[in-house]
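These notes are about the structure you will find just below.
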Amino acid sequence: MNLLVEGGYIVTIDGSRRVIRDGAVVIEDDRIVDVGKAGDLKNKYPRYEILNAKKKIILPGLIDAHLHQTQMLARGLADDVDLITWIHERILPYEAVMDDHDAYLSALLCSMEAIKTGTTYAVDPGGYRMENVAKAMSEIGIRGLIAWASMDVDDPARPIPKELKTSTEEAVKRNEELLKRCQGMGDGRITVWCGLRVEPNVSAELIRKINDLAVKHGVGVEMHNAVSKEQMEWVLKRTGKTTVEYLDSLGVLGPHWLLIHMGWITDKEVSLLKQKDVKIAHVPGASMKGAYGSIAFGKFPELLSNGVTVCLGCDSCAANNSLDMFRAMYLAATAHKEVRYDPDLVLPEEALEMATIQGAKATGQASMVGSIEKGKKADLIIINPNSSNWVPNHEFALIPNIVYSGEGRDVETVIIDGKIVMENRKIKTIDEVKVLEESQKSSERILDRLAAKFGLKLEPRWLFI
């Protein structure tokens with residue numbers, strides 16, 4: 001398709017952070033070939049199909065740097081519990097009873113919500129049955145990064161379901177199989193990295209071998225780290241080191257690592273992360289809902305001021321219950337101000353960068369996505385600001401309004417890889433009603449299996465009659 005997206009404000013997030021009035025973006029196939037004033041480009045490309053975006057805002061597609069695709073059918077399953085209960089009594093059992101079709105439907109539903117709220121690139125830290133996730137993401141048209149969530153050890157007091165636990169060698173094998181099967185699926189939109197789940201469930205040997213595998217294949221490593229006080233103390237007690245220091249002592253940390261959550265780190269670790277060029281995914285929504293401590297105790301303002309690459313994620317609808325990156329930007333730009341009593345601590349411009357170009361840098365894709373620039377992939381969203389949650393809207397407040405006033409439902413059109421995936425709020429690649437209906441049925445079957453296998457049965461706190 002040769003397409004000219006014309007009109008409105010283009011928020012480029014290029015090196016100069018230009019915002020172009022009455023702008024246009026020219027797309028050929030999957031690439032942006034020109035960006036500038038609409039009048040000039042319409043004369044230069046007279047035969048291109050026009051997509052009217054007048055009086056609207058054109059943004060780079062949002063990058064959700066932490067999104068669990070296979071947890072979508074667990075919405076409501078793990079609300080209002082501590083993190084250990086969340087993992088060991090709710091989510092791991094849920095993952096253990098899923099089948100291939102559940103994983104496929106979960107990913108379809110997850111990607112559907114992501115696209116409808118402006119996410120064009122979803123970074124999954126890893127789960128199981130991930131070939132089904134790659135298939136679903138390929139079909140719906142989203143750009144994605146996936147991994148396999150390695151675990152090779154557990155604690156007898158907190159056992160891992162046998163369906164999920166592997167040996168060290170088996171975990172490495174599963175990662176390599178996923179790399180070979182799914183790398184480059186979806187016309188190149190699907191990327192595969194290596195994955196480690198969380199500190200208490202991975203051995204030092206597995207950490208080293210997964211890092212070696214990632215280096216061998218030229219990919220990155222994703223891992224949840226320093227998620228809660230309890231997990232930070234667990235690492236300190238067993239290794240004598242803080243989380244980041246422990247990983248560094250294993251000789252693995254580097255620019256190819258993406259560490260997730262990171263709410264319990266020290267000033268010394270901030271410096272170490274900067275020194276090693278490790279990337280960090282901030283997940284404020286999940287932390288505030290699950291009381292992880294990332295806002296009250298996290299060092300994210302310090303990470304930002306030290307120039308560490310900090311991107312932004314939603315987590316999952318089992319942890320955050322929302323995949324709206326506009327909400328994530330709002331929380332990133334406001335919550336730290338409240339805790340530190342500093343009204344300009346994290347600016348909305350920084351939050352928008354975290355949701356776009358910083359996510360691209362964190363995944364090694366900054367030359368491809370994250371901004372609207374000539375030569376990059378054509379991943380764009382069009383926002384309609386002509387509604388009560390935006391008006392009045394002035395140029396001095398345009399970026400703040402995106403972060404403070406914007407919502408996922410303001411996104412009208414989504415273009416990924418040069419293809420219009422959603423137009424006028426309707427996704428063009430799937431039957432949305434069918435996905436919703438089948439996902440509800442699948443989730444009910446999962447609940448039946450959880451009750452039969454693990455004795456898990458949830459009841460409402462209020463009376464239903």
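Key figures for this structure:
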| read-out | value |
| --- | --- |
| Qualifying residue in region 45-52 (condition: without any contact (Cβ under 8 Å) to a residue 12 or more places away in the chain and surrounded by fewer than 23 Cβ atoms within 10 Å (Cβ to Cβ)) | yes |
| Residue list for region 412-465, filter: on the phi > 0 side of the Ramachandran plot and in contact with a Ser or Thr (Cβ under 9 Å, 6 or more places away or on another chain) | Asp417, Asn424, Arg425 |
| So Gly293, is it farther than 26 Å from Met329 by Cα and either small (Gly, Ala, Ser) or under 17 Å from the mean Cα position of the chain (by Cα) (or both) | no |
| Filter result for Met288 (surrounded by fewer than 23 Cβ atoms within 10 Å (Cβ to Cβ), modelled with pLDDT of 95 or more and not assigned by TED's automatic domain parsing to the domain that holds Ser111) | no |
| Selection count where residues are more than 19 Å from Gly408 (Cα to Cα), surrounded by 22 or more Cβ atoms within 10 Å (Cβ to Cβ) and without any contact (Cβ under 8 Å) to a residue 40 or more places away in the chain, scope region 294-351 | 4 |
| Unique match (being buried (at least 22 other Cβ atoms within 10 Å of the Cβ), of a type outside the set (A, V, I, L, M, F, W, C) and not assigned by TED's automatic domain parsing to the domain that holds Gly298) among Gly418, Gly370 | Gly370 |
| Unmet criterion (only one of (1) closer than 25 Å to Val227 by Cβ; (2) in the same structural domain as Val403 (by TED's automatic domain parsing)) for Lys56 | (1) |
| Elements of type helices (runs of 4 or more DSSP H) in region 209-308, at least 2 residues being within 16 Å of Lys361 (Cα to Cα) and charged (D, E, K, R) | 267-276 |
| Check on Asp82, surrounded by fewer than 19 Cβ atoms within 10 Å (Cβ to Cβ) and within 24 Å of Leu259 (Cα to Cα) | yes |
| Qualifying residue in region 210-217 (condition: in contact with a Ser or Thr (Cβ under 8 Å, 6 or more places away or on another chain) and surrounded by fewer than 23 Cβ atoms within 10 Å (Cβ to Cβ)) | no |
| Some residue of region 392-406 being assigned to a helix (DSSP H, G or I), touching a His at 6+ places or on another chain (Cβ under 9 Å) and not assigned by TED's automatic domain parsing to the domain that holds Asp34 | no |
| Evaluation of Glu199 against (1) closer than 27 Å to Pro301 by Cα; (2) modelled with pLDDT under 95; (3) out of contact with any Ser or Thr (no Cβ under 7 Å at 6 or more places or on another chain); (4) of a type outside the set (S, T, N, Q) (one fails), failing number | (3) |
| Scope region 34-81; condition closer than 19 Å to Ile13 by Cβ and in a loop (DSSP other than H, G, I, E, B); matching residues | Ala53, Lys56, Gly61, Ala65 |
| Residue in region 151-166 that is under 25 Å from Lys361 (Cα atoms) and either surrounded by fewer than 24 Cβ atoms within 10 Å (Cβ to Cβ) or in contact with a strand residue (DSSP E or B) (Cβ under 9 Å, 6 or more places away or on another chain) (or both) present | no |
| Residue within region 373-385 that is under 13 Å from the mean Cα position of the chain (by Cα), buried (at least 21 other Cβ atoms within 10 Å of the Cβ) and under 17 Å from Arg143 (Cβ atoms) present | no |
| Residue list for region 146-194, restricted to those being within 12 Å of His217 (Cβ to Cβ) and among the hydroxyl-bearing types (Ser, Thr, Tyr) | Thr191 |
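The values are calculated or read from the model by the stated rules, or taken from the named source; none is laboratory data. What you are looking at is a predicted structure, and each value in this text was computed from that prediction instead of being measured. Neighbour counts are summed over all protein chains in view; Cβ atoms, including those assigned to glycine, are modelled from backbone coordinates with ideal geometry.
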